[in-house]
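Report on the following structure.
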Amino acid sequence: RSSSVPASCRFGRPLIRSRSPSPAPEKTRPTTLVFHDLAHSLLPQQLESALSAAGWDGTYDYLYLPMSKSGKGSAGVGYINFLSPELAEKFAQEGRHEIDI
């Protein structure tokens with residue numbers, strides 16, 4: 001057991017949410033999306049090229065594709081931070097299906 005994790009910390013418990021959720025204010029709407037189930041052979045340059053070819057170039061300021069522990073390919077997940085919540089929402093609805101990865 002690690003001494004750096006408090007004994008009172010319990011993982012996997014559901015978050016407490018209000019009974020009547022309201023739309024998030026503009027400041028807190030997400031701009032970062034996560035890609036799941038990416039090919040382990042995918043390289044960061046390939047993901048960036050696919051986004052550019054689909055017309056998403058210039059719409060994000062951060063793209064991260066972590067590599068596997070072996071260093072021979074991606075970990076199968078990627079992160080992209082869009083410049084605005086609107087761009088993130090548009091990509092989530094339309095863009096993921098437009099890119100060839």
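The values are calculated or read from the model by the stated rules, or taken from the named source; none is laboratory data. This is a predicted model, so every value here is computed, not measured. Using ideal geometry, Cβ is built from the backbone for each residue, glycine included, and neighbour counts are taken over all protein chains shown. With ligands, DNA and RNA removed, areas are computed over all heavy atoms of the protein, side chains included. Shrake-Rupley method; radii C 1.70, N 1.55, O 1.52, S 1.80 Å.
Within region 39-58, track down each residue that is of a type in the set (Ser, Thr, Tyr), free of Cβ contacts under 8 Å to residues at least 24 places away in the same chain and either under 17 Å from Asn81 (Cβ atoms) or part of a loop (DSSP other than H, G, I, E, B) (or both). Show your work before the answer.
Our first condition is that a residue be of a type in the set (Ser, Thr, Tyr); within region 39-58, this holds for 41, 49, 52.
Within this subset, residues satisfying the condition of being free of Cβ contacts under 8 Å to residues at least 24 places away in the same chain are 49, 52.
If the condition is that a residue be of a type in the set (Ser, Thr, Tyr), free of Cβ contacts under 8 Å to residues at least 24 places away in the same chain and either under 17 Å from Asn81 (Cβ atoms) or part of a loop (DSSP other than H, G, I, E, B) (or both), then Ser52 is the only one that fits.
Looking at this structure, is Leu63 open to solvent by 80 Å² or more (accessible area, probe 1.4 Å) and among the aliphatic types (A, V, I, L, M)? Even if it seems obvious, please write down each step before you answer.
Details: open to solvent by 80 Å² or more (accessible area, probe 1.4 Å): no; among the aliphatic types (A, V, I, L, M): yes.
In short, no.
Looking at (1) at pLDDT below 85; (2) in contact with a Pro (Cβ under 9 Å, 6 or more places away or on another chain), which is the one condition that is false for Gly78?
(1)
For region 70-94, which residues satisfy the criterion of being within 15 Å of Trp56 (Cβ to Cβ), within 13 Å of the chain's Cα centre (by Cα) and either among the hydrophobic types (A, V, I, L, M, F, W, C) or assigned to a helix (DSSP H, G or I) (or both)?
Within region 70-94, Ile80, Phe82, Ala88, Glu89, Phe91, Ala92 qualify.
For residues in region 26-38 being touching a helix residue (DSSP H, G or I) at 6+ places or on another chain (Cβ under 9 Å) and assigned to a loop (DSSP other than H, G, I, E, B), which is farthest from Asp100 (Cα to Cα)?
For region 26-38, the residue satisfying everything is Arg29.
Are there any pairs with C-beta distances below 9 angstrom linking a residue in region 63-74 that is in contact (Cβ under 8 Å) with a residue 24 or more places away in the chain to a residue that is part of a strand (DSSP E or B), with the two at least 6 apart or on different chains, and if so which?
Leu65/Phe35; Leu65/Ser74; Leu65/Gly78; Leu65/Tyr79; Ser68/Ser74; Gly73/Met67; Ser74/Met67
Give region 90-101 a look and list any residue that's surrounded by 16 or more Cβ atoms within 10 Å (Cβ to Cβ) and modelled with pLDDT of 90 or more, or say none.
Just the residues of region 90-101 that are surrounded by 16 or more Cβ atoms within 10 Å (Cβ to Cβ), to begin with: 91, 95, 99.
Phe91 - this is the single residue of region 90-101 that is surrounded by 16 or more Cβ atoms within 10 Å (Cβ to Cβ) and modelled with pLDDT of 90 or more.
Taking region 30-59 on its own, how many of its residues are hydroxyl-bearing (Ser, Thr, Tyr), under 26 Å from Lys72 (Cα atoms) and either touching a strand residue (DSSP E or B) at 6+ places or on another chain (Cβ under 8 Å) or surrounded by fewer than 15 Cβ atoms within 10 Å (Cβ to Cβ) (or both)?
Qualifying residue count for the region: 3.
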